[in-house]
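Accompanying notes for the structure given below.
Read-outs: derived from the displayed coordinates by stated rules, not from any lab. Here the structure is a predicted model, which is why all the values come from computation and not from measurement. Here the Cβ positions follow ideal geometry from the backbone for every residue, glycine too, while neighbour counts run over all protein chains shown.
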Amino acid sequence: MNKLKLIPLFLLILLPFALQAHGVSSADGHMLHEGGLLAYIYVGAKHMVTGYDHILFLIGVIFYLSTFKDILKFITVFTIGHSITLIGATYIGITMDEHLIDAVIAISVLYKGFENLGGFKKIFGVKSPNLLLMVLIFGLIHGFGLSTRLQSLDIGEEQFLLKIISFNVGVELGQVLALIPVVLIISQWRGKTGYQAFYNIVNWFLVVAGIALLIFQLNGYFNGHGHGHSHEHGHGHEHGHVNEHGHTHGHEDDNHTHSHDHVEGHGHVH
């Protein structure tokens, strides 16, 4: 039982890392620019392993399930959802402010903890929505967040679709690596003394982390908007490969600064 008392402290220590869940470093961007498709796989895996908001949501999903078959089914649905939007939105060039999409992802973490704690029945007196459907919906949202991050980097035109798919493959590998220890810990602890307390502590942490992430992202949107990717980030993937920036991704402009307040053309020339 003494170990259980240490769990809240451990989770509080993790919270600041969760708030920095989505960073894509300049080193990653340089690696993608200089490396081949394997670099995209590596960065995708790294982003997922360190993408604590994605992992927190999936931990909440796994807590709700009791068999490996169910876990596999729900994780597969989540994977299909985020693969659709990651590949599709990146290829077409659909994006939005990263703070706003991350705020919605934060809500998904809050939602899962709230649902696991029986919040819908206790507070609203209703059954929670169909979990498989919600996992698919949130998977689509998480994928759009991943796409927004990938589109913040200049990945060029060569092998454009293959680069996106490689990044997505990396995301899947990272997801598997991150979830293996989670599944083992939860499955081994389930049914043993102290499991219910562990269950409650972790799911309350999901609620708190979701709220903290939401506040963090909304603060970033309203107060740090000039530093965020508020621009429409055109990756230059037009049909016919006609680009008003002359395939330089807008970097020929001497006024291009790190404030990211510029607007890059999204013009899809058909």
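Confirm whether residue 83 is part of a helix (DSSP H, G or I) and of a type in the set (Gly, Ala, Ser). So residue 83 passes the test. Are any residues in the stretch 27-46 surrounded by fewer than 15 Cβ atoms within 10 Å (Cβ to Cβ) and either at positive phi or among the hydrophobic types (A, V, I, L, M, F, W, C) (or both), and if so, which ones? Correct list: 27, 38.
Here the stretch 54-66 is the region considered, the condition is being touching a residue at least 60 places away in the same chain (Cβ under 8 Å) and surrounded by fewer than 22 Cβ atoms within 10 Å (Cβ to Cβ), and the residue that is farthest from residue 78 (Cα to Cα) is 66. The condition of being closer than 18 Å to residue 71 by Cβ and either touching a residue at least 60 places away in the same chain (Cβ under 8 Å) or in a helix (DSSP H, G or I) (or both) does not hold for residue 153.
Close contacts from the stretch 86-105, counting a first residue that is at positive phi and a second that is surrounded by fewer than 22 Cβ atoms within 10 Å (Cβ to Cβ) and not in a helix (DSSP H, G or I), with Cβ to Cβ under 8 Å and a gap of 6+ residues or different chains, come to 93/234; 93/237; 93/266; 93/268. Among the conditions (1) in a helix (DSSP H, G or I); (2) closer than 29 Å to residue 218 by Cβ; (3) free of Cβ contacts under 8 Å to residues at least 40 places away in the same chain, the only one that residue 126 does not satisfy is (1).
Determine if the stretch 106-119 includes at least one residue that is free of Cβ contacts under 8 Å to residues at least 60 places away in the same chain and on the phi > 0 side of the Ramachandran plot. Among the residues of the stretch 106-119, at least one is free of Cβ contacts under 8 Å to residues at least 60 places away in the same chain and on the phi > 0 side of the Ramachandran plot, which makes the answer yes. Within the stretch 90-102, can one find any residue that is in contact with an Asp or Glu (Cβ under 8 Å, 6 or more places away or on another chain), buried (at least 20 other Cβ atoms within 10 Å of the Cβ) and part of a loop (DSSP other than H, G, I, E, B)? For the stretch 90-102, residues in contact with an Asp or Glu (Cβ under 8 Å, 6 or more places away or on another chain), buried (at least 20 other Cβ atoms within 10 Å of the Cβ) and part of a loop (DSSP other than H, G, I, E, B): present. Collect the residues in the stretch 163-218 that are outside any helix (DSSP H, G or I) and out of contact with any Leu (no Cβ under 7 Å at 6 or more places or on another chain), keeping them in residue-number order. Selection gives 190, 191, 192, 193. Across the stretch 173-199, the number of residues qualifying as surrounded by fewer than 15 Cβ atoms within 10 Å (Cβ to Cβ), touching a residue at least 12 places away in the same chain (Cβ under 8 Å) and more than 24 Å from the chain's Cα centre (by Cα) comes to 3.
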